[in-house]
1. Consider only pairs whose beta carbons are under 8 Å apart and that are at least six residues apart or on different chains; among these, list those whose first residue lies in segment 66-80 and is at positive phi and whose second residue is among the small types (Gly, Ala, Ser) and surrounded by fewer than 24 Cβ atoms within 10 Å (Cβ to Cβ).
2. Check off (1) touching a residue at least 40 places away in the same chain (Cβ under 8 Å); (2) over 22 Å from ALA102 (Cβ atoms); (3) among the β-branched types (Val, Ile, Thr) for ILE199 and give me the number that stays unchecked.
3. Look at ARG134 and say whether it is out of contact with any Asp or Glu (no Cβ under 9 Å at 6 or more places or on another chain), surrounded by fewer than 24 Cβ atoms within 10 Å (Cβ to Cβ) and not acidic (Asp, Glu).
4. Could you go through segment 377-391 and let me know if any residue there is over 17 Å from PHE136 (Cβ atoms) and free of Cβ contacts under 8 Å to residues at least 40 places away in the same chain.
5. Please go through segment 168-188 and give me each residue that is more than 14 Å from VAL87 (Cβ to Cβ) and among the aliphatic types (A, V, I, L, M), ordered by number.
6. Look through segment 417-426, keep the residues that are in contact (Cβ under 8 Å) with a residue 60 or more places away in the chain and part of a helix (DSSP H, G or I), and return whichever of them is surrounded by the fewest Cβ atoms within 10 Å (Cβ to Cβ).
7. May I ask you to list the residues in segment 345-368 that are farther than 16 Å from GLN170 by Cα and either crowded, with 24+ Cβ neighbours inside 10 Å or at pLDDT 90 or above (or both)?
Amino acid sequence: MSATLFVLALGLPLMLLLRVPLAFAIGLATIGALWTADIDMMIFAQRMVSGTQSFSLLAIPFFILAGDLMTAGGISRRLVGFADVLVRHRTGGLGMVAVLAAAFFAALSGSAPATTAAIGAIMIPEMERRGYSRPFATALAVAGGIIGPMLPPSIPMVVWGVMSETSISQLFLAGVMPGILLALGLMALCWHHARKHEIAPQPKASRQEIWAAFNSAKWALCGPVIVLGGIYGGIVTPTEAAIVAAVFALVLGFGVYRELSFSNIVPVTLGALKTMTIVMFIIALANGFGWVMAFERIPGQVTQSLERFADTPVLYLLMINLMLLVIGCVMDNLAAMIILASFLVPIGEQLGMDPVQFGAMVAINFTIGMATPPFGYTIFVGAAISGLKIGQIARPLLPMLGVMIAVLLLVAFVPPVTLSIVDLLR
């Protein structure tokens, strides 16, 4: 092991264990590696600046802002109401409502924490009132949030597209089928849970109720059509679509639903700006980190080491997925993709995988990490909303994680799962 690899491989985890903030840990590890390799430190500053000069990165703050505005502006509540009248009469129907509402909201925000917060705040108390346990309801909100980064528009897909120079529009399409499969799998678990615990379904909604719910949510339901239709109709780029989503949320919140005001829009905007500042700082520092890894040919060294233990492509791909899942369990998904992009892209090329399929696989791996104990972001959001401890949420979450991993394996080993829709538009 070279001295540079030693500094990068051990220095970063050590500082994270010492609770050094992630961005500073990345920066210090990179400076240590540059000093060890006797490389001019000015390169680090240059890479930090160049790494943030991508037009596509503008999509991230606007999608974050759009998700926060939709929650504050009453859009999420109306989406839940519409999903409720569609499936509440089925066995496990209320759980299915949570999943379906998460899918609707995901098509607007693309953020797992935002989806969990928006849907969980409404559905957890309602599911508990109708016979579901609070831990199961919270776990479902956490798992439903994971649909957000799979379905377009997806913030992790934007980040991976920028870092790997892969088409963001094609990555969006690659997440459609996995997102639908995850939603169907979670709905099947809701059906099984309701039967096992003898939770009675709710009365079927009348035509008048369905119409009233649709009429209330009709403008919110137009959001995915406007955003995604604009992207795939060639009217706007994914970055411009993020701005459209934020403006759309403002118009609905102020002009249609009138639940936004100047008193609550300021804290919502400041919260989104704070999140984006953190993300951009990590992206800047991680670009220098990735450059050092590429310059020292570290990805090739690690790949050769893995090949000694995996003598078949299938086993090799399984090991890569296992490694990504473990990393996703302990590290923020966006930060992990940013740091490891320069390492992972050559691996995808060596495996001969389509870049879009490989990118979807990487993004979904790290997305699952957001719902995996003990450090998953969406679990912390669910715990904050429900008042439960992580351990209480983890037990009912395990079968849901099983569904996520089953979807991941389909993505990794069955190319049509991600590429069937992409190939239609290539």
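The values are calculated or read from the model by the stated rules, or taken from the named source; none is laboratory data. The model shown is predicted, which means the values in this text are computed figures rather than measured ones. In this analysis, Cβ positions are derived from the backbone assuming ideal geometry, glycine residues included, and neighbour counts consider all displayed protein chains.
1. Cβ pairs passing all conditions: GLY74/GLY253.
2. (2)
3. On the way: out of contact with any Asp or Glu (no Cβ under 9 Å at 6 or more places or on another chain): no; surrounded by fewer than 24 Cβ atoms within 10 Å (Cβ to Cβ): yes; not acidic (Asp, Glu): yes.
Answer is no for this residue.
4. yes
5. Narrowing segment 168-188 to residues more than 14 Å from VAL87 (Cβ to Cβ): 168-182, 185.
Once the filter is applied, which keeps residues that are more than 14 Å from VAL87 (Cβ to Cβ) and among the aliphatic types (A, V, I, L, M), segment 168-188 yields ILE168, LEU171, LEU173, ALA174, VAL176, MET177, ILE180, LEU181, LEU182.
6. Taking segment 417-426 as the starting set, the residues that turn out to be in contact (Cβ under 8 Å) with a residue 60 or more places away in the chain are 417-422, 425-426.
If we keep only those that are part of a helix (DSSP H, G or I) too, we end up with 417-422, 425.
Details: VAL417: 21, THR418: 29, LEU419: 19, SER420: 14, ILE421: 16, VAL422: 23, LEU425: 9.
By that ranking, first place goes to LEU425.
7. Kept after step one, since they are farther than 16 Å from GLN170 by Cα, are these residues of segment 345-368: 345-352, 365-368.
The answer is ASN365, PHE366, THR367, ILE368.
To keep it simple, each residue is scored yes or no on (1) in a loop (DSSP other than H, G, I, E, B); (2) aromatic (Phe, Trp, Tyr).
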position: MET353; (1), (2): yes, no
position: GLY359; (1), (2): no, no
position: ALA363; (1), (2): no, no
position: PHE380; (1), (2): no, yes
position: ALA383; (1), (2): no, no
position: GLN392; (1), (2): no, no
